[in-house]
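To start, the structure itself, in structure tokens.
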């Protein structure tokens, strides 16, 4: 409370909150812990390779605060995907392929001696497993290349252990097993309870860092911007679905949704919104937006 006003606490469920904490060089130990828990890989050290500075790809530059973790053996990117929307996996795949290509160009060789890894903390998944690992392989699990992997952490599934922790049938050991994932989605009171359960000093450090981020106006502004973008995107999707459903009765639902996206994009162009932002909110390609006649 501040002057009677309730101040919202942002957790690492927000991508930018996650990065404000884990991409702070003083928190390398927390980031290495997350990498080990997600992949089983123990890394001694790495460099932060800022995407905004190093990439010439306009679509990658648009991704504010994204940073690669890089050393001689691994190139790792981490994303927090708040919703399992249709565009998320194609977007992440294009980003990973861009990373794979750029790393090959930088090193000047075609080799599998450096792993290109994506770690996704994802919500809204439709399967009941805590973690899946994806590779490029055939139906018999024969890998095309061995050094391209995606680790997808099912946050909803894991958080169920926390929400049901007081039920008799829930094994509290599962809370302890996934404690470093669970902490990402907790506010202060719950973090204090998790610390009491686990007696883990690293969770104490994480909570202190979370408090720093939430008390810093600069960081809060970044996270609030992400939240606002999410609300805008959700509103546009809902608006498009409602109008698309009506038009879908005559021309088919999919076509109706597409036309509504075009109409929304047209209005946003009139409001002088950037083409990159319109593409982000509507899911339309850059070329589709450029083809719109005002």
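What follows is calculated from the coordinates using simple rules that are stated; it is not laboratory data. The model shown is predicted, which means the values in this text are computed figures rather than measured ones. Quick reminder, even Gly has a Cβ in these numbers, built from the backbone with ideal geometry, and neighbours come from all protein chains shown.
Overview of results
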{"quantity": "Ranked packing of 160-166, 137-143, most packed first, by mean Cβ within 10 Å", "calculated": "160-166, 137-143"}
{"quantity": "Mean Cβ neighbour count within 10 Å, used as a protection proxy, ranking 12-23, 266-277, 195-206 highest first", "calculated": "12-23, 195-206, 266-277"}
{"quantity": "Relative packing of peptides 147-156, 110-119 - highest average C-beta neighbours within 10 Å first", "calculated": "147-156, 110-119"}
{"quantity": "Cα convex hull of the stretch 15-200 - mean projected area over all directions, nm²", "calculated": "12.1"}
{"quantity": "Between the stretch 147-204 and the stretch 115-129, the alpha-carbon center distance in angstrom", "calculated": "16"}
{"quantity": "Beta bridge orientation in the stretch 15-200: antiparallel %, DSSP, nearest 5", "calculated": "45"}
{"quantity": "Separation between Cα centres of the stretch 67-82 and the stretch 256-292, rounded to whole Å", "calculated": "30"}
{"quantity": "Extension gain, residue 172 back to residue 274 (0.36 nm per residue minus Cα-Cα distance, nm)", "calculated": "31.9 nm"}
{"quantity": "Cα gyration tensor category, rounded, prolate or oblate, for the stretch 107-227 with a/c compared to 1.5", "calculated": "oblate"}
